[in-house]
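Below you'll find the structure, written out as structure tokens, and then a few comments.
The values are calculated or read from the model by the stated rules, or taken from the named source; none is laboratory data. None of these values were measured; they are calculated from a predicted model. Note: ideal-geometry Cβ built from the backbone for every residue, glycine included; neighbour counts use all protein chains shown.
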Amino acid sequence: MSKITSVAKWEYLEKVKSKAFLIGLFLTPMLMVIMGVLPSLFMAQEDTTTKVVGVIDPTGNLAGPLIREMESRYQLANGQPNYLVRPLAVGKGINVPSAVSDADRLAVSDEIEGYCVIGGGGNGDSVAEYRSKAIGDLRLIGRLEETLKSVMTEQKAMTLGISPAVVKELTVKLDLRPVKLSKAGEEEGGFERVFFSAYVFLMALFLLIITSGQMLVRSILEEKSNRIVEVLVSSCSSTELMAGKVLGLSALGLTQMGFWAIIGVAVTIQFGVSLVTPGVAALMVVYFTLGYLFYAAVFIGAGSPLTTEQEAQQVTSYLVMLLIVPIALAFPAMKNPDATWLKVLTFIPFLTPTMMALRIPIQMPALWEILATVLLMIVCIGLAMVGAGRVFRIGILSTGKSPKLAEIFRWAIKG
């Protein structure tokens, strides 16, 4: 046990003092905040200059009201109109294809931000089209759609003999406040908050496993290339060496988690925003620990037979692909957290920690799922550690050509 402790202490101290670890310790939460907060801030930032938008109206009835509504409804901070709507072709009998061709040239040459082509008649449902070089301005597109819908509604009301004032009076603005329910009670649960909670835990687990796993593989590779591993194996057994490495890097991972948790608590206290309850946070720590230990065994088993940096990058990239799966499934999981396919993926050991990190903040799984997945991970960790130990014992001293995948599996099963 003293040899295992010595190896673990050496691994921990060597890595915790490295520049890469210290930079990642502070840079990772900064990147997560930047990726999660800055896009929302940029989206919420108002325009500072007036944008010129064109309109093509073959009905001849909608362009005028649309121009008045857009210029009066949306204002800049200095009181100027946010949008200056320019009639490009208005009236019945206009050549729409020719007008569109001319307007395209204006948009491409940046003379206008973009333009709206109104289709159909003013008395029925219509299809409009917004054409621009940059169609990512969702605020402008949304405002055009909302204003055009309002104008068309008033036009239809007038045709039916209904006063537009009555239509406005009947229009109700509703703010639907989402409340997340659970057996413990109710809590505020808007989409942004729930999704960001799942995203934070998912990315934290992803980064923790990737950074620590890559450190583990590179550590083995460096010791093999420098022939240091032969000296280490002469002083302790391969099992003790592997256990020490896993414990040392586990402590390193816990250091990262603890530091990030302190930052999270500080932010919570400072801004009074709580992403999850303490019970959910404690459950996430359990899956963090189980996931880390499982992937540590996988990384050490996959990394011990490797001999070059290129092989190490290939192996780690394959494992990264498995961890990306839950990130890609975040939006479908938000929409239908009780989907059968989601539950099935949860019971695949390589995906269990990350899938549970995704599901728990969205909707707490059933108790039997939690117990079953925890038991599954404990069993898989035991099997993975035994298999990794057998591969490590043989692969740590292997040089030259790397063994094939079938041979590595044979080592893990038979030793």
Among (1) at pLDDT 80 or above; (2) in contact with a Leu (Cβ under 7 Å, 6 or more places away or on another chain); (3) more than 22 Å from P29 (Cα to Cα), L247 falls short only on (2)
Item to complete: Might you check whether a residue that is touching a helix residue (DSSP H, G or I) at 6+ places or on another chain (Cβ under 7 Å), surrounded by 15 or more Cβ atoms within 10 Å (Cβ to Cβ), within 28 Å of I262 (Cα to Cα) and modelled with pLDDT of 80 or more occurs anywhere in segment 16-35?
Response: yes
By residue number, the members of segment 154-200 that are modelled with pLDDT of 75 or more and either of a type in the set (D, E) or more than 30 Å from N61 (Cβ to Cβ) (or both) are E154, E169
Exercise for the section: Within segment 93-103, identify whether any single residue is more than 17 Å from G54 (Cα to Cα), part of a loop (DSSP other than H, G, I, E, B), without any contact (Cβ under 8 Å) to a residue 40 or more places away in the chain and of a type in the set (G, A, S), and answer yes or no. Expected result: yes
Within segment 298-342, residues being basic (K, R) and either closer than 23 Å to V379 by Cα or not assigned by TED's automatic domain parsing to the domain that holds P361 (or both) number 0
### Task
Taking V273 as the residue in question, decide whether it is under 25 Å from P365 (Cα atoms) and modelled with pLDDT of 75 or more.
no
Only one of T308, T352, T340 is modelled with pLDDT of 85 or more, β-branched (V, I, T) and within 28 Å of A412 (Cα to Cα), namely T352
- Quick one: would you say T5 is at pLDDT 85 or above, over 19 Å from I209 (Cβ atoms) and surrounded by 15 or more Cβ atoms within 10 Å (Cβ to Cβ)? no
Of the candidates V108, V90, V151, the one satisfying the condition of being touching a helix residue (DSSP H, G or I) at 6+ places or on another chain (Cβ under 6 Å), among the hydrophobic types (A, V, I, L, M, F, W, C) and over 20 Å from R73 (Cα atoms) is V90
Taking segment 257-270 and the residues there that are out of contact with any Ser or Thr (no Cβ under 6 Å at 6 or more places or on another chain), modelled with pLDDT under 80 and not aliphatic (A, V, I, L, M), the one that is nearest to R218 (Cα to Cα) would be W260
Requiring at least 3 residues that are within 27 Å of T211 (Cβ to Cβ), without any contact (Cβ under 8 Å) to a residue 12 or more places away in the chain and among the charged types (D, E, K, R), the helices (runs of 4 or more DSSP H) wholly within segment 305-415 are none
